[in-house]
Amino acid sequence: MGDWMTVTDPGLSAESQNISLYTSETKMSPSSLYSQQVLCSSIPLSKNVHSFFSAFCTEENIEQSISYLDQELTTFGFPSLYEEPKSKEAKKELNIVAVLNCMNELLVLQRKNLLAQENVETQNLKLGSDMDHLQSCYAKLKEQLEASRREIIGLQERDRQLQCKNRNLHQLLKNEKDEVQKLQNIIASRATQYNHDMKRKEREYNKLKERLHQLVMNKKDKKIAMDVLNYVGRADGKRGSWRTGKTEARNEDEMYKILLNDYEYRQKQILMENAELKKVLQQMKKEMISLLSPQKKTPRERADESTGAVISDVEEDGGELSRESMWDLSCETVREQLTNSIRKQWRILKSHVEKLDNQVSKVNLEGFNDEDVISRQDHEQETEKLELEIQQCKEMIKTQQQLLQQLATACDDDTTSLLRDCYLLEEKERLKEEWSLFKEQKKNFERERRSFTEAAIRLGLERKAFEEERASWLKQQFLNMTTFDHPNSENVKLFSAFSGSSDQDNLPVHSKQRQKKPPSTSNGSPVCTSKMTKSLPASPTLDSCQTRSCVSEHSSVSVLTVTPEEMKPDQVGRECTSQTWSVVSRPGAQPGCSVDAL
Amino acid sequence: MNFSEVFKLSSLLCKFSPDGKYLASCVQYRLVVRDVSTLQILQLYTCLDQVQHMEWSADSLFILCAMYKRGLVQVWSLEQPEWHCKIDEGSAGLVASCWSPDGRHILNTTEFHLRVTVWSLCTKSVSYIKYPKACQQGMAFTRDGRYMALAERRDCKDFVSIFVCSDWQLLRHFDTDTQDLAGVEWAPNGCVLAVWDSCLEYKVLLYSLDGRLLSVYSAYEWSLGIKSVAWSPSSQFLAIGSYDGKVRLLNHVTWKMTTEFGHPAAISNPKTVVYREVEKSPPPGLGHLSLPPSRAGARPLTNAAASESKYEVASVPISLQTLKPAADRANPRMGVGMLAFSPDSYFLATRNDNIPNAVWVWDIQKLRLFVVLEQLCPVRSFQWDPQQPRLAICTGGNKVYLWSPAGCVSVQVPGEGDFPVLALCWHSSGDSLALLGKDHFCLCFLETSKDVGAAFGRRDSCT
């Protein structure tokens, strides 16, 4: 709004100025001819002041102008431009000071007025815009008011219509009800009339029947007869008995007997059902007790004595009730006891279940409890076991797959190729694993071989040194003992040479050969071995046995003593897969035993 | 399944003897008794007129033939073919005749229900019972044959009299709180009598043998009420079929309603099996266009009746064909008009008259709808095998339908020409079934129970 207010329309402002000035001017000097013209152009065209003055005052009318100005000024309360006349005759003198003062004052006044005017203008603008805004607001609100008024009228109209309708419907309902009532009355009256007529007709009919009966029966109709060759015996073989009071009594007796039998039968059935239901209840109760009794201690520990007491109470009750003799008790006592105990039990069970629910929710909230921490070891063991089982199962599945594959190859080529692709991937994966394993083994072997070769070199050097020493020694001996047995010395030399190498020299050779072999087999035919494991039902033990056997082959050179504990088959079975690495890294630590065990 | 040759028959009068040895059938005025196993004619009796009603005595020794038009009843003995007995009701007329349970008395109802005459075959005695009520089922015997309940009407009030059948002494006589008693029926145990009002008012009253009122049951007011009533063989349930298309089961302890079975035309419960009879399309080798469609359109019913059919298990949200009952006619075709419990009380078969093509089989153990059989034609009658839960249905076509919990079959009656089966009745052993047509009947021999099991193993087999 502020922005809007600062934007002043020059035309508009000028106009308003004009108007305001004009009005003031007309007040000031209505008679002046020029004033309008003057004032109209006075402020915006301040440049024309000179021309204006020249127009107003000329050489000829200075006096007149001055007197006029003086007159005007005095009317506005300014001091006279003329000096105080000393005498009446004396000619009025123009007081320049007064004129200047007046001028100054007028200028000041003018400035003030301009300022005030400006303020007023801006305010006016503001007010004008405010006014506009308010006017638009007012218009809007008016519209709204109109609209809502219309709406209200519409709603009122609708309401009225609905009420009218409702009234009509009420009226209709009333009419319908009246109609129904009327119809019901009509039906009822007709029914009574109908019944009455029926009765009348029936009476007439009965009369007629009676009459007919008399007519037909009393005529001694010869035709009404039974023509039988001879009478037949009764089905039960008895003779018919006379009708007497006795037979009537007997019939009654029999009827009551039948009824009694029926009631007895039903009672028996109900008793049986009852007994069965009781049995079920009893069993349920027992089961509940057995279910609740282990729980009894924990709630007690949790200072839940009330339930514990109830349980013990109930148990005593149960003990009493379970006795067979209780079945013979009258229904009510047993029922009461039983239902009471069952109810109690049920309440306990309910509370227990609720407690369990609470616990479950608590556990869920808290996350893992202390109990979980305690059982972690067991958990781990269990998981280990399970993992092992899973591995075994996997192996089984693999062999089965292979078998299936084999079967499939026989019958279908397309599917088998597809399957083979799947299997190949798997196989590849497995081969990779094995490959890495073998690589590791090879590395180990290499390292060992190196050490052995080093040892051999060392030994060779030593032997050389020894030979040299011996040669020198022999030479010396030979030089010293000129008369010595030749073959004997030869023999000794041979023996010593042989014996010296049997322990030390032979070993590296052996190891070299053996060392070379396992890597070559593992390097040269990893596929073959893996294939073997595939085609055969590869049990974990077999797999490990193979790897171990190749390890053991080289380690058998430096066989260690086998301790009996290490031969435990279960250990072998369990650790066989995980042990392979350690076996490889520590040749001869356990493989010897495994070979023996296997 | 084997069929005998076709024999002549009139008025659908063909009945197995209660002992299951004989088969009696009527051809006009002749009564033919055959051996069930060989179907050889054992006896041939000649009556005085066309027989309108025929009934075996309970001991299978006598056969009663009633000729209502002449007011005559003739009794024949199987043991002594020369023995004869003729009862003439004379000018009093005859509208109904039946054996008493001992097989030595014949109860004849005279015209206009003037009286019931009890004729004894043992003695010359004749007893009269006055004021019998003319109603749907006014007479009922207990299963053991000791007692008879008879509906009576005196002074514009309904009464029930209970007679001892051995000497026809009145045991109890009491009025019933009914507007217009429509029927009486004993519970199979013979201790409870169900009495129901006419269809204008839904009301069932249950009386003890000694005349005490045990309970009154009314499901609703104003609209048409009870249409059919049946006791379960165990006496445990009383099934009441009414005009609102529902069956209500009352229990025997509190006599309150245990459950109600609605018969909606739309079946949505997936547990319900719906067997739908469909016409068997001719084998593809013969080509199905050989039958011109105009012929099928011209005689759709005979065509349907003649062609073979089989059952298909319909997928469950299904709607059955309904009949719009004419509301402005008396006895509208609506409501449950047929009710029958299986002999072991495990199943209840019903027919809602405005869905006439369907038979509903309810499982009473689980109290729910078990199976719905939708036939191509309106069901005319059905009857349970007396030995096992097996239901035979006929629709007036040349086929008989059998349902058991194992499945159902549609069997075409062989032979040349049409043989519309209008009614059927089981042999007491459940091994054979008499199929009754308008002029002929034949026997249908079912496999022994072992073979049946195998045959019913297949769900929609067709022979």
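Applying the selection to the range B:383-409, what residues are at pLDDT below 90 and among the small types (Gly, Ala, Ser)? B:Gly396, B:Gly397, B:Ala406, B:Gly407 - these are the residues of the range B:383-409 that are at pLDDT below 90 and among the small types (Gly, Ala, Ser). Any residue at all in the range B:180-190 that's more than 13 Å from chain A (Cβ to nearest Cβ), crowded, with 21+ Cβ neighbours inside 10 Å and touching a His at 6+ places or on another chain (Cβ under 9 Å)? No - not one qualifying residue is present in the range B:180-190.
Restricting attention to the range B:191-203 and to residues that are within 11 Å of chain A (Cβ to nearest Cβ) and in a loop (DSSP other than H, G, I, E, B), the residue that is surrounded by the most Cβ atoms within 10 Å (Cβ to Cβ) turns out to be B:Cys191.
From the list A:Gln171, A:Gln181, the one residue that fits, being more than 60 Å from the chain's Cα centre (by Cα) and more than 9 Å from chain B (Cβ to nearest Cβ), is A:Gln181.
Okay, residues lined up against (1) of a type in the set (Val, Ile, Thr); (2) modelled with pLDDT under 85; (3) in contact with a strand residue (DSSP E or B) (Cβ under 8 Å, 6 or more places away or on another chain):
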position	(1), (2), (3)
A:Tyr34	no, yes, no
A:Glu59	no, yes, no
A:Ile66	yes, yes, yes
A:Glu72	no, yes, no
A:Ser87	no, yes, no
A:Ile96	yes, yes, no
A:Gln117	no, no, no
A:Lys126	no, no, no
A:Ser129	no, no, no
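The strands (runs of 3 or more DSSP E) located wholly in the range B:297-407 that include 2 or more residues which are more than 25 Å from B:Ser268 (Cβ to Cβ) and of a type in the set (A, V, I, L, M) occupy B:399-404. Sort out which residues of the range B:55-91 are farther than 15 Å from B:Gly103 by Cα and touching a residue at least 60 places away in the same chain (Cβ under 8 Å), and write them in order of number. If the condition is that a residue be farther than 15 Å from B:Gly103 by Cα and touching a residue at least 60 places away in the same chain (Cβ under 8 Å), then no residue fits. Summed over the range B:431-455, the residues that are in a loop (DSSP other than H, G, I, E, B) and either modelled with pLDDT of 90 or more or of a type outside the set (A, V, I, L, M) (or both) give a count of 6. Take the residues in the range B:48-74 that are among the hydrophobic types (A, V, I, L, M, F, W, C) and part of a loop (DSSP other than H, G, I, E, B); name whichever of them is farthest from the chain's Cα centre (by Cα). Among those that are among the hydrophobic types (A, V, I, L, M, F, W, C) and part of a loop (DSSP other than H, G, I, E, B), it is B:Leu48. Does A:Arg158 satisfy the criteria of being at pLDDT 90 or above and more than 9 Å from every other protein chain (Cβ to nearest Cβ)? Considered against the rule, which asks whether it is at pLDDT 90 or above and more than 9 Å from every other protein chain (Cβ to nearest Cβ), A:Arg158 comes out as yes. Here the condition is being at pLDDT below 65 and under 19 Å from B:Arg146 (Cβ atoms); of A:Lys238, A:Lys220, A:Lys246, it holds for A:Lys238 alone. Please state which one of A:Lys165, A:Lys199, A:Lys142, A:Lys209 is out of contact with any Ser or Thr (no Cβ under 8 Å at 6 or more places or on another chain), free of Cβ contacts under 8 Å to residues at least 12 places away in the same chain and within 30 Å of B:Ser120 (Cα to Cα). After applying the criteria, what remains is A:Lys209. Every condition in (1) surrounded by fewer than 22 Cβ atoms within 10 Å (Cβ to Cβ); (2) under 21 Å from B:Asp167 (Cα atoms); (3) of a type in the set (A, V, I, L, M); (4) away from chain A (no Cβ under 11 Å) holds for B:Leu78 except the one numbered (2). Checked against (1) at pLDDT 80 or above; (2) more than 10 Å from every other protein chain (Cβ to nearest Cβ); (3) surrounded by 15 or more Cβ atoms within 10 Å (Cβ to Cβ), A:Leu292 meets all criteria but (1). May I ask you to verify whether B:Leu238 is part of a strand (DSSP E or B), crowded, with 16+ Cβ neighbours inside 10 Å and within 12 Å of another protein chain (Cβ to nearest Cβ)? Considered against the rule, which asks whether it is part of a strand (DSSP E or B), crowded, with 16+ Cβ neighbours inside 10 Å and within 12 Å of another protein chain (Cβ to nearest Cβ), B:Leu238 comes out as no. Would you confirm whether or not the range B:376-393 contains a residue that is of a type in the set (Gly, Ala, Ser), crowded, with 19+ Cβ neighbours inside 10 Å and within 15 Å of B:Val273 (Cα to Cα)? Within the range B:376-393 (the criterion being of a type in the set (Gly, Ala, Ser), crowded, with 19+ Cβ neighbours inside 10 Å and within 15 Å of B:Val273 (Cα to Cα)), the answer is no, since none of the residues qualifies.
Yes or no, residue by residue, for (1) charged (D, E, K, R); (2) within 11 Å of another protein chain (Cβ to nearest Cβ); (3) assigned to a strand (DSSP E or B); (4) without any contact (Cβ under 8 Å) to a residue 40 or more places away in the chain:
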| site | (1), (2), (3), (4) |
| --- | --- |
| B:Phe112 | no, yes, no, yes |
| B:Gly145 | no, yes, no, no |
| B:Asp158 | yes, no, yes, yes |
| B:Asp167 | yes, yes, no, yes |
| B:Leu170 | no, yes, yes, yes |
| B:His173 | no, no, yes, yes |
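Rundown of residues vs (1) assigned to a helix (DSSP H, G or I); (2) at pLDDT below 70; (3) surrounded by 12 or more Cβ atoms within 10 Å (Cβ to Cβ), yes/no style:
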position: A:Lys355; (1), (2), (3): yes, no, yes
position: A:Gln359; (1), (2), (3): yes, no, no
position: A:Lys362; (1), (2), (3): yes, no, no
position: A:Glu382; (1), (2), (3): yes, no, no
position: A:Lys394; (1), (2), (3): yes, no, no
position: A:Gln406; (1), (2), (3): yes, no, no
position: A:Leu418; (1), (2), (3): yes, yes, yes
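Here is a yes/no grid of residues against (1) in contact with a strand residue (DSSP E or B) (Cβ under 6 Å, 6 or more places away or on another chain); (2) exposed (fewer than 15 other Cβ atoms within 10 Å of the Cβ); (3) away from every other protein chain (no Cβ under 14 Å); (4) at pLDDT 80 or above:
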position: A:Asn251; (1), (2), (3), (4): yes, no, no, yes
position: A:Glu273; (1), (2), (3), (4): no, yes, no, yes
position: A:Lys278; (1), (2), (3), (4): no, no, yes, yes
position: A:Glu305; (1), (2), (3), (4): no, yes, yes, no
position: A:Gly308; (1), (2), (3), (4): no, no, yes, no
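Number of residues in the range B:211-235 that are within 29 Å of B:Pro343 (Cβ to Cβ), within 14 Å of chain A (Cβ to nearest Cβ) and either of a type in the set (Asp, Glu) or not in a strand (DSSP E or B) (or both) equals 2.
Just one of (1) within 7 Å of chain A (Cβ to nearest Cβ); (2) polar (S, T, N, Q); (3) closer than 24 Å to B:Ala194 by Cβ fails for B:Ser91. It is (3). Residues that are facing another protein chain (nearest Cβ under 8 Å), out of contact with any strand residue (DSSP E or B) (no Cβ under 9 Å at 6 or more places or on another chain) and polar (S, T, N, Q): does the range B:121-133 have at least one? Among the residues of the range B:121-133, at least one is facing another protein chain (nearest Cβ under 8 Å), out of contact with any strand residue (DSSP E or B) (no Cβ under 9 Å at 6 or more places or on another chain) and polar (S, T, N, Q), which makes the answer yes.
Of all residues assigned to the range B:33-54, none qualifies as being touching a Ser or Thr at 6+ places or on another chain (Cβ under 6 Å), surrounded by 19 or more Cβ atoms within 10 Å (Cβ to Cβ) and not aliphatic (A, V, I, L, M).
The values are calculated or read from the model by the stated rules, or taken from the named source; none is laboratory data. Everything numeric in this text was worked out from a predicted model, so none of it was measured. Glycine also receives a Cβ, built like all others from the backbone with ideal geometry; neighbour counts cover every protein chain displayed.
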